[in-house]
Each structure stands twice: as structure tokens, then as C-alpha cells.
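The values are calculated or read from the model by the stated rules, or taken from the named source; none is laboratory data. On a predicted model such as this, the values are computed, not experimentally measured, just so you know. Positions of Cβ are generated from backbone atoms using ideal geometry, with glycine treated the same way; all protein chains shown enter the neighbour counts.
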Amino acid sequence: MPVDFSEHEIETIRAATPGVTQRIHMNNAGAALMPQVVVGAMIDHIQHEASIGGYEAHAVSFSRTEAVYDSVARLIGAARDEISLAENATLAWQRVFYSLRFLPGDRILTTTAEFAANYVAYLQTARKTGARVEIIPDDASGALDPIALEKMIDEKVKLIAVTWVPSNGGLVNPAAGVGRIARAHNIPYLLDACQAAGQIPIDVAELGCDMLTATGRKFLRAPRGTGFLYVRREFLQAIEPAFIDLFGAPWVGDDRYELRPDARRFETWEANYTARLGLGAAIDFALSVGLRRIEQRCRKLSGDLRSELAKVPGIVIRDLGVNLASIVSFTHDTLDAKEIMAKLTAQGINVSVSPPATTPVDSSARRLPSVVRVSPHYYNTPEEIADTVAAIRGIVTTTTKSPGLSSGASACST
């Protein structure tokens, strides 16, 4: 398979993506445009449910829904018995995190860029158990520093939990470097891969993680309401889900249940099979395109976008790190992020705004206001990058600046 995409291949991919005719979609870190094969898989199943009944439709499509586990396993280099499907990545993450046990004085190590939904769970657990939450220092580029992490390790560290790519920018934390330290010290390692899955190749053996969670709606181009959990087979046998039902833990006697031997012990009996089929179709589509190729094109498009935006007067690029992901975050000296987003929306360009609350530790440390988040994907084109930059340039040059407001003060306000 060629590394670069030909113009014909991009045209074919875009022809299979109906949404590209409606808008310039640069909000793939929020929810990417689904290809038609994903939409078709879901419509076919929901129509089947309407025609013959939900249980009956599931029976007919059983082999296809089971194949979704194989698709996820191929995506991340795991075995199917290490995969659990969930209604979203947050639920997948919560199911495994709240299955871990902590005692007073135990230490949970996490990163500056940790997603707020994860961080509040650490705080709740610390309040209930007496465990401590500690931040791993960053290196000079703003990424998690493995050397600093190594120095923090002692017998009280019971979990290392890291967001690989944060919600508010293009930083890529050294997930595999963290994994090597976790494995060397036999410390459980939980990796949030929500923004990585679909734009960065994933190999759980290389990453060295015990647990990994991801969503379908972002760069995987699956429907909303989909996600998955990976639990390493050997680690799986050491934990029990915090809550169970008859699917994950069948009742086998008057006073006894047995956990399923696979990761589906974290699932419940009822599921949205329509959405699951969409997730499977999206993953298969991404695998057919090639994750290494997707990563390369995403880096090129986002790199060009970042470079051109930096030339726009008043724009401040807020991304940290060296090898950046396809999330470009910026602020303007005088214009609010929501105002920029609204004006882009009016021009048919989709972006999003990441408020400080989504990454509270990082935003507090850097005194970040809300940032505009522009996240191209491989199906975007250089022309769309140019059009987006031109639109932003037009917005910032035609909008009247507030008199007396200094650019430095505005850029640092919260």
C-alpha cells in the first residue's frame, strides 16, 4: 500500500463521506464525519429491527456484531477476549477505574493534560479511600517527562493513569515510555486513547498498558454513543468489575456467580447493536485505509494549518509538545474563542471551543482561556486548510477590536 494518498484516492474517500459536501469539517476531535458504509450498516440494522423485532434482528446479525470485537482487537493489536464494548469511552474508563482498589496513602500518578472527567474520578476516589493524586512533571516541551516519572516511583504507587492526547491541543504524551516504566515496576497502567484512536496507530504491546479506553465518535469516524475498553489478559484475572449483571457474571448457584473469563465481564446484557455495528464498520474502514498513512496525512494537514495560522496577526498557537497530533489550538489577542467559532460556523466551517474546565490542571498552570480547537482529518484537503485559514484571517482583520484592551492581558484572561 502506498504511503501517500493520491488525489484519486482522496476523491474516492470524500465521495464515500456525504458530509464533506455540506461543510468544511474541522471538528474531528469532537465528532468526525461518518463514511457512508458506517451509516449504511446502522440503517440496515435498525430497519431490520423495525421489520422483524429487536431480538430477532440481533439473532440474524449475531456473527456481524461478534466480529466487532475482532475489529477492535485488530485496531489495537490485542486479542478479542481482551476487548469490552461500551456506550461511550467515559463509561468504559469508569468501569475499569472503579474496579481498582486503593488504600490510605496509595498514590495515583497522572499527567498535567489529564481530561477533567478522569481527574474528578481520581479526586472522588482519593476522598473516599485516603489515596493521593499526584501530577507527573512535564519536560521542557510540555509533554509528560518519563525521567521525572521514574523518580516518583515507590511501593505506594498503585496506578499510573495518562491521557495520551489531550482534549485541548496537539500534545502527544510519551505513552510507550510510560508503559516501560509501569511494566518494570509492575504498576497498573491506564491509558486514555480517546483522541489518539483513529489518527495514531495503536499497539497495546508496544504501549505496555494494562488498560486502554477509546471512543468511536472522534477520529475513528464511528457514531456517537460508542466506545471500547481493553484489559490485558493477565491483568484481567486480577480485577473484578465494580458492578456486574447476569451477562458479565452469570449466576451459577443459590449463592454463587462466576465472572466471565474475558473482558466482557465489564459489559451488561443490553446493548445498542445498531451503534456497535457502526463502530465495527468504522474501524474496518480505517484499517482498510491504513492507520500509518492516516497518521502521516493528519500530521501534514495539521502542520500546514498550524504554520499558516501562526502568520495571522493576533493568533497565538497553544499546542505543546514536539511530534504534534491533528488538534490545533489557538487563541486571539482580543477575540473570544466562542466568537471566532460562531463566525466560522456562519461560514460553513466546523470547529470547536475547548474551555479550561476540560483540562483543568493544564489550563490552570498555563492560565489558558478557552481555546479554538481545529482538528483536520485525512479526508480534509489542502484547499480546505487554506479556506479555513483565510476565513480566520478575515474574521480577525474585520472585527473591531475593543479599545484599550492589550493583547497580552486578553491572551491570559480566564
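Just one of 50, 57 is surrounded by fewer than 18 Cβ atoms within 10 Å (Cβ to Cβ) and over 26 Å from the mean Cα position of the chain (by Cα); which is it?
50
I'd like the full set of residues that are crowded, with 18+ Cβ neighbours inside 10 Å and assigned to a loop (DSSP other than H, G, I, E, B), limited to segment 125-144.
131, 142, 143
Sort through 23, 14 and tell me the only one that's under 28 Å from residue 374 (Cβ atoms), in the same structural domain as residue 344 (by TED's automatic domain parsing), surrounded by 17 or more Cβ atoms within 10 Å (Cβ to Cβ) and over 22 Å from the mean Cα position of the chain (by Cα).
Step by step, each of 23, 14 is checked, and only 14 is under 28 Å from residue 374 (Cβ atoms), in the same structural domain as residue 344 (by TED's automatic domain parsing), surrounded by 17 or more Cβ atoms within 10 Å (Cβ to Cβ) and over 22 Å from the mean Cα position of the chain (by Cα).
Of (1) buried (at least 19 other Cβ atoms within 10 Å of the Cβ); (2) closer than 30 Å to residue 271 by Cα; (3) touching a residue at least 40 places away in the same chain (Cβ under 8 Å), residue 122 satisfies all except one. Which?
(3)
With the condition being within 14 Å of residue 220 (Cα to Cα) and of a type outside the set (S, T, N, Q), I'd like the helices (runs of 4 or more DSSP H) fully within segment 13-85 carrying at least 3 qualifying residues.
Here the list reads 36-52, 62-76.
Look through segment 86-110, keep the residues that are in a helix (DSSP H, G or I) and in contact with a Leu (Cβ under 8 Å, 6 or more places away or on another chain), and return whichever of them is surrounded by the fewest Cβ atoms within 10 Å (Cβ to Cβ).
97
Search segment 277-320 for residues being closer than 30 Å to residue 62 by Cα and in contact with a Ser or Thr (Cβ under 6 Å, 6 or more places away or on another chain), and hand back the single one that is surrounded by the fewest Cβ atoms within 10 Å (Cβ to Cβ).
284
Give 111, 90 a once-over and let me know the one that is in contact (Cβ under 8 Å) with a residue 40 or more places away in the chain, in contact with a strand residue (DSSP E or B) (Cβ under 6 Å, 6 or more places away or on another chain) and not hydrophobic (A, V, I, L, M, F, W, C).
111
Just wondering, is there one or more residues in segment 394-406 that are farther than 21 Å from residue 34 by Cα, crowded, with 17+ Cβ neighbours inside 10 Å, in the same structural domain as residue 21 (by TED's automatic domain parsing) and in contact with a helix residue (DSSP H, G or I) (Cβ under 9 Å, 6 or more places away or on another chain)?
Scanning segment 394-406, I find at least one residue that is farther than 21 Å from residue 34 by Cα, crowded, with 17+ Cβ neighbours inside 10 Å, in the same structural domain as residue 21 (by TED's automatic domain parsing) and in contact with a helix residue (DSSP H, G or I) (Cβ under 9 Å, 6 or more places away or on another chain), so the answer is yes.
Check off (1) in contact with a Leu (Cβ under 7 Å, 6 or more places away or on another chain); (2) assigned to a helix (DSSP H, G or I) for residue 147 and give me the number that stays unchecked.
(1)
Please work out which one of (1) crowded, with 21+ Cβ neighbours inside 10 Å; (2) assigned to a loop (DSSP other than H, G, I, E, B); (3) free of Cβ contacts under 8 Å to residues at least 60 places away in the same chain is the condition residue 369 fails and give its number.
The one condition residue 369 does not meet is (1).
I'm trying to understand the selection: among the residues of segment 226-262, which are out of contact with any helix residue (DSSP H, G or I) (no Cβ under 6 Å at 6 or more places or on another chain) and of a type in the set (S, T, N, Q)?
Correct list: 237 only.
Do the conditions hold for residue 317, that is, is it within 28 Å of residue 214 (Cβ to Cβ), outside the structural domain of residue 378 (by TED's automatic domain parsing) and of a type in the set (A, V, I, L, M)?
No; evaluated as a whole, the condition is false for this residue.
Pick from segment 201-239 the residues that are among the charged types (D, E, K, R), touching a strand residue (DSSP E or B) at 6+ places or on another chain (Cβ under 8 Å) and touching a residue at least 60 places away in the same chain (Cβ under 8 Å): which of them is surrounded by the fewest Cβ atoms within 10 Å (Cβ to Cβ)?
That would be 232.
It is to be established whether one or more residues within segment 62-80 are closer than 24 Å to residue 291 by Cβ, of a type in the set (A, V, I, L, M, F, W, C), modelled with pLDDT of 95 or more and surrounded by fewer than 18 Cβ atoms within 10 Å (Cβ to Cβ).
Checked segment 62-80: at least one residue is closer than 24 Å to residue 291 by Cβ, of a type in the set (A, V, I, L, M, F, W, C), modelled with pLDDT of 95 or more and surrounded by fewer than 18 Cβ atoms within 10 Å (Cβ to Cβ).
If you check 263, 242, 271, 310, which single one turns out to be assigned by TED's automatic domain parsing to the domain that holds residue 89, in contact with a strand residue (DSSP E or B) (Cβ under 6 Å, 6 or more places away or on another chain) and of a type in the set (Gly, Ala, Ser)?
So the residue among 263, 242, 271, 310 that is assigned by TED's automatic domain parsing to the domain that holds residue 89, in contact with a strand residue (DSSP E or B) (Cβ under 6 Å, 6 or more places away or on another chain) and of a type in the set (Gly, Ala, Ser) is 263.
Just need a number here: residues in segment 150-175 that are assigned to a loop (DSSP other than H, G, I, E, B) and either in contact (Cβ under 8 Å) with a residue 60 or more places away in the chain or not assigned by TED's automatic domain parsing to the domain that holds residue 209 (or both).
Selection size over segment 150-175: 9.
Residue-wise test of (1) under 18 Å from residue 324 (Cβ atoms); (2) of a type in the set (Gly, Ala, Ser); (3) in contact with a Lys or Arg (Cβ under 9 Å, 6 or more places away or on another chain).
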{"site": "147", "(1), (2), (3)": "no, no, no"}
{"site": "163", "(1), (2), (3)": "yes, no, no"}
{"site": "200", "(1), (2), (3)": "yes, no, no"}
{"site": "236", "(1), (2), (3)": "no, no, yes"}
